[in-house]
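**Q** Okay, here's the structure, questions in a sec.
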Ligand code: SF4
């Protein structure tokens, strides 16, 4: 008999029952809630006279709409304010814990979950947000859901789901020094495409993955959705277990030892069968920069922008032409010749302490280039911010000319005041470079935190691994 | 969710094809934090002569007298008769929310956009696709006071002159509508199984059932 994949194990662990047509009711261990996709779900509960099934399994935070400056003045935009106020009220009414804007633990929902130990190995984790895949880094089955499903989870602590297929992505060998988790995942998406993971849950394995910190693993799983997979997974090892030791919501006392034992089995069996296996040479990965309006339009920093004429697939070719037009770029241009206007270091992809350290290391003792209109550093949570400040990273950034902000989604999706103006070009550590994502007409290049900081200093993209940092 | 079994009602004819979700509920209303209360803004740009904004009091707005839903003879209609590809455009669940909130229970058309069709069932609305000729015949015979009876159980529409028209609906969805079960209602029928699962899981992973 063949063994089980990590996904198979997590799935089986959570099936309440399965219908004849193969759809299953699966149990949800942790539901994360934010202000944008939850109001109608709470309203639905209220109209139907329902109560949350287990209020304590929900954790709420406002992140998408919150300002990153002048918090004490409240939220200026009335629509955003109403959404945040509504979340506060709903959480009080339904007895759900919320980290409000004034709470030091407030931050991006996908940063605070692991940070608090609220999302743990072996759990099912859902949130009305596609980047819920982030939490798969701990060996949890985590995926995004819609508003009707948010209500379903609130009311039943369950979801109706059909099982996805298993995709294994194997990173062969070790990455070279200076190459980060962001470069790994961008290189993967560049290879398999944004639809490559459609219908699958991706498990990432290999030496290069094992070598990543939990923060780096979260960056990889965060972007599984950008590869078309609703969920990404990384098996539990000592790195995982060490990370969760003593987190506020982590198991305590004898529960911890029991959990540790249970978590040790959260890996695919040696003889597990995957529906598809893709191998990637990790040793060949260089720092990545996207040049188009889809994360798959990506090259290494020392390359030039590809020529659409060389693309044989007509739909792809047209997509490339459109992307180049929107981005204001030309085939054959060297990536290092592209000048940027703004720099954004933040988002649920890259706003954890390790990301800020990597960016600060590049910025230390330097000044941002004269052509940079704005360089923002937005920590992922209040606790990341505190930690960074205790390490003096805020000073490093400020002295280099960066702005040091309050935690939230910020310029990742420009729902608050932080945004690109039409035609502005941004080196961004976020996860989506879609048209208009960071502001109407804005042009986004996805990069790692170190690469973003290096672009801020140089005023254009540079290979951060070629810079002497000491 | 409100159950749907037998409905006899006036019919409002909306003689347009490709009615998109932006026409059903314009995008400025998506900023709302509510699911209820979209009824007054249903077909906002067609129903009113001024521009609607969220939370606007619609009782004093300028009505477009020519729009079918503003005509007194169709007041209280719970059945909408319309043309092909109804509900095309975005996936917003606000479209069926607005139709249901306005008071519609059934929509008859030659065809529906896919996502909209699915969303209807989640919100107690019955979309009924009928052959184009049949829809044509209903439009032709519709006069003042025209009513139809929709019997979901037997999957039949009965016209005022007792013509019976059969329609198709997926068994699973029919069951949910007949019993007024949304997905949540249906899942809650398995309350015992969920509780059983929790009890068993609490033995394997007790920390998931402790609130630290
Ligand atoms: S940081 Fe960006 S991608 Fe992440 S949850 Fe916020 S808006 Fe979504």
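The values are calculated or read from the model by the stated rules, or taken from the named source; none is laboratory data. This one's a predicted model, so the numbers in the text were calculated from it and none came from an experiment. A quick note on method: Cβ atoms are made from the backbone with ideal geometry, for glycine too, and the neighbour counts reach across all protein chains shown.
**Q** When the residues of the stretch A:3-40 are filtered to those that are closer than 20 Å to residue A:129 by Cα, assigned to a loop (DSSP other than H, G, I, E, B) and touching a residue at least 60 places away in the same chain (Cβ under 8 Å), which remaining residue is nearest to the chain's Cα centre (by Cα)?
**A** By that ranking, first place goes to A:34.
**Q** Of the numbered conditions (1) modelled with pLDDT under 95; (2) more than 14 Å from chain A (Cβ to nearest Cβ); (3) over 23 Å from residue B:76 (Cβ atoms), residue B:144 fails exactly one; give the number of that condition.
**A** So residue B:144 meets the others, but not (3).
**Q** Can you tell me how many residues within the stretch B:79-104 are farther than 16 Å from residue B:35 by Cα and surrounded by fewer than 19 Cβ atoms within 10 Å (Cβ to Cβ)?
**A** 4
To keep it simple, each residue is scored yes or no on (1) at pLDDT 95 or above; (2) within 20 Å of the chain's Cα centre (by Cα).
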{"site": "A:156", "(1), (2)": "yes, no"}
{"site": "A:183", "(1), (2)": "yes, yes"}
{"site": "A:194", "(1), (2)": "no, yes"}
{"site": "A:201", "(1), (2)": "yes, yes"}
{"site": "A:207", "(1), (2)": "yes, no"}
{"site": "A:211", "(1), (2)": "yes, yes"}
{"site": "A:217", "(1), (2)": "yes, yes"}
{"site": "A:229", "(1), (2)": "no, yes"}
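**Q** Looking at (1) buried (at least 20 other Cβ atoms within 10 Å of the Cβ); (2) in contact with a helix residue (DSSP H, G or I) (Cβ under 7 Å, 6 or more places away or on another chain); (3) more than 27 Å from residue B:143 (Cα to Cα), which one does residue B:53 not meet, given that it meets all the others?
**A** Condition (1) is where residue B:53 drops out.
**Q** Taking the condition away from chain B (no Cβ under 14 Å), modelled with pLDDT of 95 or more and within 16 Å of the ligand (Cβ to nearest atom), does residue A:345 pass? Break it down into steps so the answer makes sense when it comes.
**A** Numbers: away from chain B (no Cβ under 14 Å): yes; modelled with pLDDT of 95 or more: yes; within 16 Å of the ligand (Cβ to nearest atom): yes.
Taking the combined requirement at face value, the residue satisfies it.
**Q** Let me ask something additional. Starting from residues that are assigned to a loop (DSSP other than H, G, I, E, B) and over 22 Å from the mean Cα position of the chain (by Cα), keep the ones in the stretch A:385-429 and report whichever is farthest from the ligand (Cβ to nearest atom). Before you say what the answer is, go through the steps one by one.
**A** So in the stretch A:385-429, the residues assigned to a loop (DSSP other than H, G, I, E, B) come out as A:391-392, A:401-402, A:405-409, A:413-424, A:429.
The next check asks that each one be over 22 Å from the mean Cα position of the chain (by Cα); those that pass are A:391-392, A:401-402, A:421-424.
On the way: A:391: 22, A:392: 25, A:401: 23, A:402: 18, A:421: 19, A:422: 21, A:423: 22, A:424: 18 Å.
Among those residues, the one meeting the criterion is A:392.
**Q** Restrict the check to the stretch A:79-99 and report whether at least one residue is more than 14 Å from residue A:35 (Cα to Cα), surrounded by fewer than 19 Cβ atoms within 10 Å (Cβ to Cβ) and at pLDDT below 95.
**A** no
**Q** Please go through the stretch A:210-265 and pick out each residue that is away from every other protein chain (no Cβ under 14 Å) and free of Cβ contacts under 8 Å to residues at least 12 places away in the same chain.
**A** A:238, A:242
**Q** Take residue A:154 and tell me if it is away from the ligand (no atom under 16 Å from the Cβ), within 14 Å of another protein chain (Cβ to nearest Cβ) and crowded, with 24+ Cβ neighbours inside 10 Å.
**A** In short, yes.
**Q** Kindly indicate whether residue B:62 is over 22 Å from residue A:79 (Cα atoms), surrounded by fewer than 15 Cβ atoms within 10 Å (Cβ to Cβ) and modelled with pLDDT of 90 or more.
**A** Against the criterion (over 22 Å from residue A:79 (Cα atoms), surrounded by fewer than 15 Cβ atoms within 10 Å (Cβ to Cβ) and modelled with pLDDT of 90 or more), residue B:62 qualifies.
Rundown of residues vs (1) within 14 Å of the ligand (Cβ to nearest atom); (2) out of contact with any strand residue (DSSP E or B) (no Cβ under 8 Å at 6 or more places or on another chain), yes/no style:
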residue: A:89; (1), (2): no, yes
residue: A:117; (1), (2): no, yes
residue: A:129; (1), (2): yes, no
residue: A:132; (1), (2): yes, no
residue: A:150; (1), (2): no, no
residue: A:162; (1), (2): no, no
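**Q** Give me the helices (runs of 4 or more DSSP H) completely within the stretch B:118-200, filtered to those with at least 2 residues that are touching a helix residue (DSSP H, G or I) at 6+ places or on another chain (Cβ under 8 Å) and crowded, with 19+ Cβ neighbours inside 10 Å, ordered by residue number.
**A** On the way: elements: B:132-141, B:171-178, B:183-188.
Passing ranges, in order: B:171-178, B:183-188.
**Q** Looking at residue A:276 and the list (1) in contact with a helix residue (DSSP H, G or I) (Cβ under 9 Å, 6 or more places away or on another chain); (2) more than 20 Å from residue A:116 (Cα to Cα); (3) surrounded by fewer than 22 Cβ atoms within 10 Å (Cβ to Cβ), which single condition is not satisfied?
**A** Answer for residue A:276: the failing condition is (1).
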